[in-house]
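Working notes, beginning with the structure itself.
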Amino acid sequence: MNPIIKLSDNAANRIKEIMSSAEKNALGVRVSVKSGGCAGMSYVMEYSKELNPTDEVIEDKGVKVFIDSAAVMYLLGTEMDYKKEEFSSTFVFNNPNETERCGCGESFKID
């Protein structure tokens, strides 16, 4: 079975950097989605301090990513990347399920 999300090398390296300075009780990063933004939904990343029994756990390239169970259906087949540009750096979700994305790139829609 394919993983729910795949991590690019850049994303995995950035998560390793983040985790090296995280609080000791952080297990990894959690990815979820929430309602909001101009297109309807947005991605949320935060530290995961405990494993929820319903979480999906992706272990890839030496890092752990916890996927909120409510987000799984929205994230199937997504590649998580990390882009560093001159004035900003951010995680990017290349999601084949998106049918619309707002102009600022902060939110998306799935039909």
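The trypsin sites (Lys or Arg not before Pro) of the stretch 21-85 meeting both criteria, a DSSP state outside H, G, I, E and B (loop) and at most 16 other C-beta atoms within 10 angstrom of the site's C-beta, are 24, 49, 61.
Give me the net charge of residue 4's neighbourhood, meaning all other residues with Cβ under 14 Å from the Cβ of residue 4; Lys, Arg count +1, Asp, Glu -1.
Working: positive: 6, 30, 64; negative: 55, 56, 59, 60, 68, 79.
With Lys, Arg at +1 and Asp, Glu at -1, the net is -3.
Summing +1 for each Lys or Arg and -1 for each Asp or Glu, what net charge is found among the other residues whose Cβ lies under 14 Å from the Cβ of residue 55? Cβ neighbours under 14 Å give a net charge of -2.
Determine the gain in length on full extension of the stretch residue 46-residue 109; use 0.36 nm per residue of separation and subtract their C-alpha separation, reporting nm with one decimal.
Here the segment from residue 46 to residue 109 would lengthen by 20.6 nm.
Where does the longest stretch of the chain lie that holds no GluC sites (Glu not before Pro) found in a DSSP loop with 15 or fewer other Cβ atoms within 10 Å? Walk me through the numbers before you get to the answer.
Working: sites that count: 23, 50, 85, 86, 106.
It works out to 51-84.
Fully extending the segment from residue 17 to residue 92 would add 25.3 nm, taking 0.36 nm per residue of separation and subtracting the current Cα-Cα distance.
Within the shell of other residues whose beta carbon sits under 14 angstrom from the beta carbon of residue 17, the net charge comes to +3, with Lys and Arg scored +1 and Asp and Glu -1. At a temperature of 37 °C and a viscosity of 0.692 mPa s, determine how fast the stretch 1-54 diffuses translationally according to Stokes-Einstein, using the Kirkwood radius over alpha-carbon pairs as Rh; express D in µm²/s, rounded to the nearest whole number. Estimated diffusion coefficient is 252 µm²/s.
Close Lys pairs in the chain, defined as Cα atoms under 19 Å apart and 8 or more places apart or on different chains, number 16. Please give the charge dipole size of the chain, origin at the Cα centre, charges +1 on K and R Cβ atoms and -1 on D and E Cβ atoms. Round to the nearest 20 debye. Using Cβ point charges on Lys, Arg, Asp and Glu, the chain gives about 180 debye.
Sorted fewest first by neighbouring Cβ atoms within 10 angstrom, 68, 60, 9, 111 come out as 111, 9, 60, 68.
The antiparallel fraction among DSSP beta bridges confined to the stretch 5-109 stands at about 80%.
No lab work stands behind these numbers, since they all come straight from the coordinates. Just so we're clear, the structure is a prediction, and the values are computed from it rather than from any experiment. Don't worry about glycine lacking a Cβ; one is built from the backbone with ideal geometry, like all the others, and counts go over all protein chains shown.
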